[in-house]
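Before any comments, here is the structure.
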Amino acid sequence: MRKILITGGAGNIGGSLARRLVQDPGNTVVIVDNLLTGSAAKLPDAKQRNWKFVRADVNTFNDIAPVVISGGFHTIFHYAAVVGVQRTLANPRQVLNDIDGIRNILDLAKNTGVERVFYSSSSEVYGEPVEVPQVEATTPLNSRLPYAIVKNVAEAFCRSYQQEYGLDYTVFRFFNTYGPLQSEDFVISKFIGLALRGEPLTIYGDGSQTRTFCYIDDNLDATLAAMAEGRFVNDVVNIGSDLEVSIRELAALVLKVTGSKSKMVQAPPLKEGDMSRRKPDIGKMKSLIGRELLPLEEGIRRTADFLRAEAGGEKIR
């Protein structure tokens with residue numbers, strides 16, 4: 001029986017990960033979330049008996065310590081974080097508190113027999129890119145955003161604890177993972193939700209800024225393969241797609257897939273936090289999943305179908 005802790009397990013990626021892990025009866029999963037940005041609706045099916053939820057704040061040592069000390073965990077996925085561009089820009093002090101979370105997890109893990117900690121970093125560590133595609137070995141440290149700074153600091157914590165205490169880690173740098181459980185704090189889910197409601201899709205600036213979008217199943221297949229196969233220990237792995245799409249192209253694709261009559265409207269560029277390009281080198285990720293990634297159009301369709309079903313609508317053909 002493998003005992004696994006997921007912090008931030010009521011969020012998009014954490015909740016999806018928990019749902020996948022509990023399908024294996026050989027796993028016992030404990031999910032921790034303070035429900036600040038997560039939702040109990042994203043937790044696994046209550047019919048599954050091999051998981052439990054603990055509402056706790058990983059940034060508060062006395063909250064998380066009893067969970068880890070009593071858990072006997074083999075593996076920890078530390079995915080708890082303040083997320084969403086607008087939220088992180090509006091709450092910079094709250095974002096900085098997440099440094100306490102990684103310190104708490106690593107301090108507890110090194111003393112309780114944890115074999116490996118998986119940390120959810122972000123494409124934001126690349127700041128304004130100095131090369132395309134973004135390669136794991138290059139981290140220019142040119143972003144002043146608290147969210148990016150915290151992710152860089154947390155990665156340094158992982159390396160330092162491995163060097164001093166022998167605590168193994170793997171850092172996943174996530175690039176825009178989307179899917180049915182993603183909230184509308186993120187561009188692709190926001191566009192789908194607006195399109196399904198017939199509301200305008202807002203494009204900041206001229207819409208030429210590019211991103212890549214990774215469907216949740218591709219993310220999970222890669223991260224779980226890294227765990228199961230013992231790969232990329234004490235290493236960093238980009239988790240994303242290598243298909244670069246402009247925000248305006250994304251909006252047009254969402255409208256096409258959903259058949260929506262919504263309009264695109266232009267707004268002034270964001271003052272900060274909207275980097276010009278994002279495109280990861282995903283050679284390591286591809287070696288983990290051993291297949292082609294899900295096409296963006298199909299991922300949008302699956303996500304829209306889920307949201308329509310939740311609202312009582314019909315599938316998109």
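Bear in mind these aren't lab numbers, they're just calculated from the coordinates by the rules spelled out. Predicted model only: the values in this text are computed from it and were never measured. Backbone-built Cβ (ideal geometry, glycine too); neighbour counts: all protein chains shown.
Tabulated values for the structure
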| quantity | calculated |
| --- | --- |
| nm² value of the averaged projected area, convex hull over the Cα atoms of the stretch 162-317 | 10.9 nm² |
| Calculated from backbone phi, Karplus (6.51, -1.76, 1.60) coupling profile of the stretch 104-121 in Hz, x at Gly/Pro | 4, 4, 5, 4, 6, 5, 5, 10, 10, x, 5, 7, 7, 10, 9, 10, 8, 8 |
| Spherically averaged projected area in nm², based on the convex hull that wraps the Cα atoms of the chain | 15.6 nm² |
| ³J(HN,Hα) computed for each position of the stretch 8-23 - Karplus, 6.51 cos²θ - 1.76 cosθ + 1.60, integer Hz, glycine/proline x | x, x, 10, x, 4, 6, x, x, 5, 4, 4, 4, 6, 5, 6, 5 |
| GluC sites (Glu not before Pro) within the stretch 120-219: DSSP coil, no more than 15 neighbouring Cβ in 10 Å | GLU131, GLU184 |
| Residues whose placed amide H lies under 5 Å from that of PHE118, excluding near-sequence neighbours | ILE76, PHE77, HIS78, THR170 |
| Calculated from backbone phi, Karplus (6.51, -1.76, 1.60) coupling profile of the stretch 90-99 in Hz, x at Gly/Pro | 7, 10, x, 5, 5, 4, 4, 4, 5, 4 |
| Translational D in µm²/s for the stretch 2-72 (Stokes-Einstein at 10 °C, 1.306 mPa s, Kirkwood Rh from C-alpha pairs) | 133 µm²/s |
| Listed residue pairs exceeding 22 Å between alpha carbons, taken from LYS42/LYS151; LYS3/LYS284; LYS3/LYS47 | LYS42/LYS151; LYS3/LYS284 |
| For ARG2, distant residues with modelled amide H under 5 Å away | ASN27, THR28 |
| Extension reserve of the ALA41-GLU128 stretch, reckoned as 0.36 nm per residue once the Cα distance is removed | 27.8 nm |
| Gaussian network model of the chain, springs between alpha carbon atoms under 10 Å - residue of ARG19, ARG302, ARG93 with greatest fluctuation | ARG93 |
| Value of Rg/Rh across the stretch 124-220 [Cα atoms, Kirkwood radius] | 1.04 |
| Cα-based radius of gyration of the stretch 159-211 once divided by 2.2 N^0.38 Å, which approximates compact folds | 1.83 |
| Stokes-Einstein D (µm²/s) once Rh is taken as the Kirkwood radius of the stretch 1-138 over alpha-carbon pairs, at 25 °C in 0.890 mPa s | 156 µm²/s |
| Loop sites in the stretch 218-286: GluC sites (Glu not before Pro), DSSP, at most 11 other Cβ within 10 Å | GLU229, GLU272 |
